[in-house]
Structures are given as C-alpha cells and as structure tokens.
C-alpha cells in the first residue's frame, strides 16, 4: 500500500514507530497531487514548499525527542475559506482572487501548533454557496469515484482530496450540509460539530448563525482525532461556547447496546432514491442487530426546513457580503465615481449563485418584508430546534439519509430549486445547532457512494462517534447485512 493510501491514524502510527518520516509522507502526497489533481481539481492553492518545510521541522523535533503532539508531521488539506497567514485565501471567488490574509484562523493555528503540514487550500463553491462545487470561480472539482460526477459542495474540494488520496484528512465548513453532503457523494466520513464547539474566528462568513468548521476523513477514528484538535473555546469568537472537550477517541467503542435510534418518516418520504433508502435502512438494521433499539419519532417541521434555511442563510449572506465593496480589500473594478466602482466591482466579482442569494436575502430583510419572511423564518427555526429537543428525550441518535440521491452529473441540476433540494436532509441540524455526521453505508448500482446521516443533541459528538464507529466496524467485518 502506498503512503498516500494510508489513513491519518495509520500514518501517525508509522511516524511514532519511525517507519517513515513526515517529509516522506508529505512528498508522497505532493507527488499524488501533481499526478492526479489536473483531472480532479481538488485544490486551488498547493503549498508544497511550505508543507515540506513544516515536515522537515517535524522530523527534526521528532529526532530531538520533542514532538509537539501525537499528530505532529501528519499533513492536512484546508478549505479555502479559512484564513491562512501569507497564503492566498480566495473563497472560490474572483472577489478574493489575490487576497492574502495577515493572520491565521483559530483552527489553522491549532493544527499548526500540533505540527501538521498544510498541503494546500481546497476548492469550494463561491463563498460556500452551492451543493456541487460547480460554482467555484476557478474550476469545477470532479468526484474521484467517478470524474463525470460532482463531488458535492460546498466543501467539494476537501471531500475529493480525501477520497482521491490527495490528503489523509481535511477541514471543511458546513452551513447547511457542506461537509456531510460531499462526504456522502465521495464516500468518506464528515462531521458537522455542534454550533459553537469549534471556533469560527478566521472563517470567512457566509451565514454566521449557521456556519461551522468540521473534519473530513477516511475513517471515524480520523474524524474523532481531528475534532479533538480543533474543538474548544476561543475568546476571539463571540459564539464560541465554554464547554469541556471530552476525549472523543474514548467514545470509539463498537458497542451500541441500549442505544436508542430514532427513525423519522419525514426523512424517508417522496423524492428519496430507493437505493439510498435501502442502504440506509440496512445500516439501521445492522445497528439494531448489534443491540440498538429502533424508535419511531416525528419531525413534521422538516417539511419547512429548506424554505426556512434559505431565508435565514441568504439574509445573513446579504449582510456579510456587503463588505466586498472594492474599497478595503479584494477586487476593485474602476468606475467614474465611487458608486460606479462599487457596482462594477460587485457585478464582476460575484458569480451568479452568490448574486442570487444576496438579492434573495436583501429582499427578505427589506422594509415591509422583514416580518413576513426573515422574522417568520426565525420563528420556524425556533420551532424546529424545539422539535429536535423533544425527539432527543426519546432517542439518542436520529438516523436519516444524508442526501436524496447519489452524486449527479455536471450541469444536471440547472434549476436552482432542484439544486437546493440536495440539502433537504442536512439543513435541519444547522438550523437546530446540533451535530451531524455522514459516513458511507453502501453504493448504488453505478458504484456511487451512499451516505447515512446521524444526528444527536447539542454537544453529543461522543454518541455520534460511538454509533458511527460501531457501524463502520460492522461494515468492515462484513457482519450482518451486506
């Protein structure tokens, strides 16, 4: 097995046993990127020189007996909406094509402090607005399982980099499914943490009350380890919650005895592909046979989730993206006066989907419509959160499909509403602020990955990881239902 085919956990063990150096690992991934990424386009910026320098520094620390952390020397890829000091951060937009931040995001600082070389910045839908990574201003990322299919979005580059063995793990961001949906499409594991568990400082904002940074990896164990590194309070982020961070690795036990699994009929209704439904129900059955109790729950407000999400998210996007005016940083297109410059800059700097969402959000916030749209959406959001709270008095985990279908082809979803419905199962955890995880649970007749989503109550990541790890062990051993 090649080094680039190893999981992050396997690479860590090899480093600890001096079987390999960090420089050898990083070079193996750089070689892989150089050989494959011209087709896949997972990366927007490749930081080979910086990564090799960090790897050499890691090897020196290890040689001197002073490793910074358990994961010192294991490389990582990072979504291009997280600020990286002195490294271009574009958000997949012409607006920030030449922007080089003067500081690191908190999560970037934490992985650097752990001694982890950064391989590069991954492609994404512009300003994280999309479900296919077709909205990037620079390139379309291709799904490594089938290059004719999209990898999902908006963290499509981060998921594709892992699935295509161009990084052992990666960081993505999730506003309405942007970690979980591409993880499902690419056949990897992705986790959206509880809102406030991971600092958003240095994450370029799309919708501030929904955005959350999270890990993507080959295995549940990798995702647990990366979450351990990035979780925890940060005084620089006013939404960061002061809670103790448990040992997520300790929750990885292949035992679901007594675990109560909720199945909501609203997630298995019209529009769900039959092969996806069958694979998810097999996963539920496998967990049931392993000792979990299956309980029916009801989440009727799920039917209003997409409308609620796209009103709140676009309203916040309208406010957040007002800063891109051609004055302070980023793109500037000349005009006869400041107003013309402002108009030309935003017209040329933003892509079609970003403009669509800004206009929708501005309308929802405008005088005479605020109460009818934005305020009402926030009220429904509160009801959705309460509905989840009630459901979690009956069950420990709710299991749903991650997506209604497997990965679709480029240009297949021309209708924006049809594209938005790709997120129908993933937006509710963001609205409720609860954690959600997607992991592979099978393939369809075209050998495209199918993902199962697991949702738990606030700060119950250990329960999610335990459930996912147990299912992963069952699937890897081939026990119960294939």
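Computed from the coordinates by the stated procedures, all read-outs in this text should not be read as laboratory data. In this text, all values refer to a predicted model and were calculated from it rather than measured experimentally. With ideal geometry, Cβ positions are generated from the backbone for all residues, glycine too; neighbour counts draw on all protein chains shown.
One table, with the values for the structure above:
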{"read-out": "Rounded Å value of the spacing that divides the Cα centres of the range 425-465 and the range 336-369", "value": "34"}
{"read-out": "Dimensions in Å of the range 333-412 - Rg and Dmax from alpha carbons", "value": "20.4, 63"}
{"read-out": "Normalised alpha carbon radius of gyration of the range 307-372 [divisor 2.2 N^0.38 Å]", "value": "1.21"}
{"read-out": "CD proxy at 222 nm, helix term only [per DSSP H run n ≥ 4: -39500 (n - 2.57); per residue of the chain; nearest 500]", "value": "-11500 deg cm²/dmol"}
{"read-out": "R0 of 56 Å, Cβ-Cβ distance residue 147-residue 336: FRET efficiency to nearest 0.05", "value": "0.75"}
{"read-out": "Whole-number D in µm²/s for the range 346-482 (Stokes-Einstein; Kirkwood sum over Cα pairs; 37 °C, 0.692 mPa s)", "value": "184"}
{"read-out": "Hypothetical label at residue 273: residues of the range 147-189 whose amide nitrogen lies under 11 Å (7 Å Cα-Cβ projection)", "value": "150, 185-186"}
{"read-out": "Ordering of 63-69, 99-105 by packing [mean C-beta count within 10 Å, highest first]", "value": "99-105, 63-69"}
{"read-out": "Approximate spin-label separation residue 35-residue 327, in nm, with each point projected 7 Å along Cα-to-Cβ", "value": "5.2"}
{"read-out": "Computed FRET value (nearest 0.05) for residue 393 with residue 138, which takes r as the C-beta separation and R₀ as 45 Å", "value": "0.45"}
{"read-out": "Equivalent ellipsoid semi-axes - Cα gyration tensor, the range 2-92, angstrom", "value": "24, 16, 11"}
{"read-out": "DSSP bridge orientation in the chain - percent antiparallel, rounded to nearest 5", "value": "70"}
{"read-out": "Length released on extending from residue 303 to residue 247, taking residue separation times 0.36 nm less the Cα-Cα span", "value": "16.6 nm"}
{"read-out": "Order by protection proxy (mean Cβ within 10 Å, highest first), peptides 258-265, 464-471, 12-19", "value": "464-471, 258-265, 12-19"}
{"read-out": "For the chain, diffusion coefficient by Stokes-Einstein and Kirkwood Rh (Cα), 25 °C, 0.890 mPa s, µm²/s", "value": "110"}
{"read-out": "Residue 289 paired with residue 369, simple spin-label distance in nm, labels 7 Å along Cα-to-beta-carbon", "value": "5.3"}
{"read-out": "Largest-first principal axis extents of the Cα set of the range 270-394 (Å)", "value": "70, 32, 26"}
{"read-out": "Burial order of peptide ranges 356-369, 240-253, 20-33 (average beta-carbon count within 10 Å, highest first)", "value": "20-33, 356-369, 240-253"}
{"read-out": "Pairwise FRET efficiency - residue 60 versus residue 382, Cβ, R0 = 60 Å, nearest 0.05", "value": "0.65"}
